[in-house]
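S.K.: First the structure, then my questions, so here it is.
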Amino acid sequence: MSLHAEWTKLRTAPGTAGLLFAVIVATVALGAAAAAAARCPAAGCGQDPARISFTGVYLGQAVVAIVAAGVISSEYGTGMIRTTLAAMPRRLDVLAAKAVLVTGLILAAGTVAILGSLIAGRLIRPGHGFTPPHGFAPLSLGDGPVLRAAAGSVLYLALIALLSLGAATVVRDSAVAIGVVLGLLYLLPVVAALVTDRTVQRHLEQFAPMTAGLDIQATTGLRSLPLSPWAGLGVLAAWAAGALLAGGLLLRFRDA
């Protein structure tokens with residue numbers, strides 16, 4: 001019942017389809033621009049072509065945060081949350097239904113976005129020196145590291161959605177929730193870059209949800225990463241789980 005009710009609200013909410021389309025457009029457009037800007041004039045240029053092609057995730061995640069935060073904060077803004085909880089008093093079921101639906105939508109949009117980015121990178125890169133003579137095979141999901149980077153990027157976007165949903169449940173305000181999530185994503189790497197102590201900097205990179213999570217995109221230089229690709233994604237998953245846990249507890253025990 002909760003799942004059906006939440007699906008009805010989500011698919012009829014104004015702007016949902018447009019924002020999901022924006023996730024795809026923003027991700028593919030920035031990824032294509034990054035692929036067009038990258039150059040590899042000679043062999044051994046040290047570039048990671050898959051990661052370059054998936055650069056659009058840096059922008060697409062901001063739209064994902066907006067989508068996910070609005071799933072619950074819009075109800076707090078209009079007061080509809082009272083009606084929702086009166087009709088479905090099992091509050092954690094409501095949050096779980098929202099999480100399942102927003103995850104499914106972002107997985108779908110993210111898959112389209114990442115496939116579009118992969119195709120764009122495959123078409124653009126050869127004209128900029130990313131060729132077999134320079135040591136770069138065409139981007140393909142048949143290549144294990146590329147497949148992991150692509151699938152991991154889709155999962156990354158889904159985890160950003162869950163993190164945003166949890167944050168919005170905690171603060172009950174869309175703008176504040178989006179600000180908190182974007183601050184975590186974009187400001188922590190800036191702080192880490194300003195730290196001069198390399199040990200402290202590395203720990204900050206391991207802790208920051210975006211820096212750690214996007215290690216999943218790396219297909220070269222894995223030994224130099226602060227964390228292994230899947231461990232980095234696990235850090236983001238822990239952030240998302242913590243936000244949802246906090247949101248669930250507050251939703252359960254706090255007045256609507």
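S.K.: I'd like the orientation of helix 198-207 relative to the chain: the angle between its Cα long axis and the longest Cα principal axis, in ° from 0 to 90, rounded to 10.
M.R.: That works out to roughly 50 degrees.
S.K.: Which of the peptides 111-122, 186-197 is most tightly packed, and how do the rest follow, judged by the mean count of other Cβ atoms within 10 Å per residue?
M.R.: Numbers: 111-122: 21.8, 186-197: 12.5.
Result, highest mean first: 111-122, 186-197.
S.K.: Give me the accessible area of MET80, 1.4 Å probe, in Å² rounded to the nearest 10.
M.R.: 80 Å²
S.K.: Classify segment 71-225 as rounded, prolate or oblate from the Cα gyration tensor: take a ≥ b ≥ c as the square roots of its eigenvalues, call it rounded if a/c is under 1.5, otherwise prolate when a/b beats b/c and oblate if not.
M.R.: Details: a/c = 2.98, a/b = 1.64, b/c = 1.82.
Taking the square roots of the gyration eigenvalues as a ≥ b ≥ c, segment 71-225 is oblate.
S.K.: With axes computed from alpha carbons, what is the tilt in degrees of helix 57-78 against the longest principal axis of the chain, rounded to the nearest 10 within 0 to 90?
M.R.: The angle comes out at about 0 degrees.
S.K.: Compute the FRET efficiency between THR131 and ARG82 as 1/(1 + (r/R0)^6), taking r as their Cβ-Cβ distance and R0 = 45 Å, and round to the nearest 0.05. Please report the intermediate quantities before stating the final value.
M.R.: Working: r = 61 Å, r/R0 = 1.35.
According to the calculation, E is roughly 0.15.
S.K.: Let me ask you something else. I need the phi-derived Karplus couplings for segment 183-190: 6.51 cos²θ - 1.76 cosθ + 1.60, θ = phi - 60°, integer Hz, Gly and Pro marked x.
M.R.: x, 4, 6, 9, 7, 4, x, 5
S.K.: Along the Cα-to-C-beta direction of ARG198, a point sits 7 Å from the Cα; which residues of segment 215-239 have their amide N less than 19 Å from that point?
M.R.: Backbone N within reach: 221-228.
S.K.: In addition: For segment 1-55, which whole percent of the accessible surface, found with a 1.4 angstrom probe, sits on carbon and sulfur atoms? Could you put the intermediate results ahead of the total?
M.R.: Numbers: 2000 of 2800 Å².
The nonpolar share, carbon plus sulfur, comes to 71 percent.
S.K.: Where a ≥ b ≥ c are the square roots of the eigenvalues of the C-alpha gyration tensor, would you call segment 1-69 rounded, which needs a/c under 1.5, or, failing that, prolate if a/b is larger than b/c, or oblate? Don't skip to the answer; put the middle values down first.
M.R.: On the way: a/c = 4.84, a/b = 3.36, b/c = 1.44.
Prolate is the answer for segment 1-69, as a/c is 1.5 or above and a/b outweighs b/c.
S.K.: Taking the Cα centre of the chain as the origin, how large is its charge dipole in debye, to the nearest 20, when only Lys and Arg (+1) and Asp and Glu (-1) carry charge on their Cβ atoms?
M.R.: Working: 17 positive and 10 negative charges, 33 e Å.
My answer is approximately 160 debye.
S.K.: Calculate, for the chain, the solvent-accessible area per residue in square angstrom, rolling a 1.4 angstrom probe over the heavy atoms of the protein chains. Intermediate results must be reported in sequence, preceding the final value.
M.R.: On the way: 11480 Å² over 256 residues.
Accessible surface, normalised per residue, equals 45 Å².
S.K.: Now a separate question. With a cut-off of at most 13 other beta carbons within 10 Å, and DSSP calling the residue loop, which trypsin sites (Lys or Arg not before Pro) in segment 20-98 qualify? Please list them. Don't skip to the end; give the middle numbers.
M.R.: Working: sites: ARG39, ARG51, ARG82, ARG90, ARG91, LYS98; in loops: ARG39, ARG90.
Answer by residue number: ARG39, ARG90.
S.K.: Calculate, for ARG11 and LEU123, the FRET efficiency according to 1/(1 + (r/R0)^6) with r their C-beta to C-beta distance and R0 30 Å; round to the nearest 0.05. Before the final figure, lay out each step's value.
M.R.: Numbers: r = 33 Å, r/R0 = 1.11.
For ARG11 and LEU123, the calculated efficiency is 0.35.
S.K.: Shifting gears a bit: At what distance in angstrom do the alpha carbon centres of segment 157-235 and segment 1-61 lie from each other?
M.R.: So the separation of the two Cα centres works out to 17 Å.
The values are calculated or read from the model by the stated rules, or taken from the named source; none is laboratory data. Every value quoted in this text rests on a predicted model; they were computed, and no experiment measured them. Positions of Cβ are generated from backbone atoms using ideal geometry, with glycine treated the same way; all protein chains shown enter the neighbour counts. What goes into the accessible areas is simple: the full protein's heavy atoms, side chains included, and nothing from ligands, DNA or RNA. Shrake-Rupley method; radii C 1.70, N 1.55, O 1.52, S 1.80 Å.
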